[in-house]
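Q: One structure coming up, written as structure tokens, with questions to follow.
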Amino acid sequence: MPIVRINGRLVYYCHVPKAAGTAMEAYLRAQFGPLAFADEQFYDVDAPDRWTRSSPQHLDVESLGRLFPADFFDDVFAVVRDPVSRLVSAYKFQKLVEGLIPSDTSFDAWALGLDRATIGRRFALDNHLLPMHRLVPEGAHVFRLESGLGAVIEYLRGLAAPEAVLPDSVEPVNVLSVRLDWMGAADEAVTVGDAARRHIAALYREDYERFGYPLPSPVGPKAEAAAASSGCDEAASD
């Protein structure tokens, strides 16, 4: 839950895992200064020595309500992502970077093996699978990644001092393909079948409804996941 001061206002950026969060954090730091409650070294600390069970960036709304009084922040905003492409991104990260999904497991097989208990378990996989409605507090300004981040920049301009000059784009940070190239690993083309799409729609139905995404329509047994390779793919620490 990165916190930033913008023109005297305390702003909470609700970092949804696998929705260009690290790129957005880098933009905020560059324009407004250091962030609070954002631990870039979280994964460098051995698990028993971490003071939180998930990185502070990925705070869930239940924990937020216990830690911060209502109306503590002047503004709250979040960037969300279509549940199918968000899950594809999580799958690729866990399989290709973290190695927690067997190399011979397809996306469909993995996705069809998920259930509500698994995706709803707080802190598991650093909340990468937690539904977005359990990460984004009610009343937050919500922007969809698929629409581009220009609207987020305009929102920030509205908060910034009149003389502030903000760049017109958010630069990608730690793009997965770049990370894999550095690791000497190959990227993977992911396809999403109809059964997996229906299963994801059922698992994440509240996200589709709250954030206005259309439920996925069957488009063939080997349909590519839309927006799986967006211009602001997430950082490995996302």
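Q: Mind ordering 84-93, 98-107 by average Cβ neighbours within 10 Å, highest first?
A: The most tightly packed comes first, giving 84-93, 98-107.
Q: Within the set of other residues whose C-beta is less than 14 Å from the C-beta of T105, count the net charge using Lys and Arg as +1 and Asp and Glu as -1.
A: With Lys, Arg at +1 and Asp, Glu at -1, the neighbours total -2.
Q: What ranking do Y155, Y27, Y204, Y213 get, fewest neighbouring Cβ atoms within 10 angstrom at the top?
A: By the 10 Å Cβ count, ascending, the order reads Y155, Y213, Y27, Y204.
Q: Tally Lys/Arg at +1 and Asp/Glu at -1 over every other residue whose Cβ is under 12 Å from the Cβ of C14; what's the total?
A: -3
Q: For q values of 0.17, 0.18 Å⁻¹, compute log₁₀ I(q)/I(0) with the Debye formula on a Cα-only model of region 68-208, without solvent.
A: Log10 of I(q)/I(0), two decimals: -1.10, -1.18.
Q: Which peptide among 189-202, 158-171 comes first, and what is the full order, when sorted by highest mean count of other Cβ atoms within 10 Å?
A: By packing density, highest mean first, the sequence is 189-202, 158-171.
Q: Quick check on the exposure proxy: order D126, D71 from fewest to most C-beta atoms within 10 angstrom.
A: Final ranking by Cβ density, sparse to dense: D71, D126.
Each reported figure results from applying straightforward, stated rules to the coordinates on display, with no laboratory input. Please read these numbers as outputs of a predicted model, since none were measured by experiment. Cβ coordinates were reconstructed from backbone atoms using ideal geometry, including for glycine residues, and neighbour counts include every protein chain displayed.
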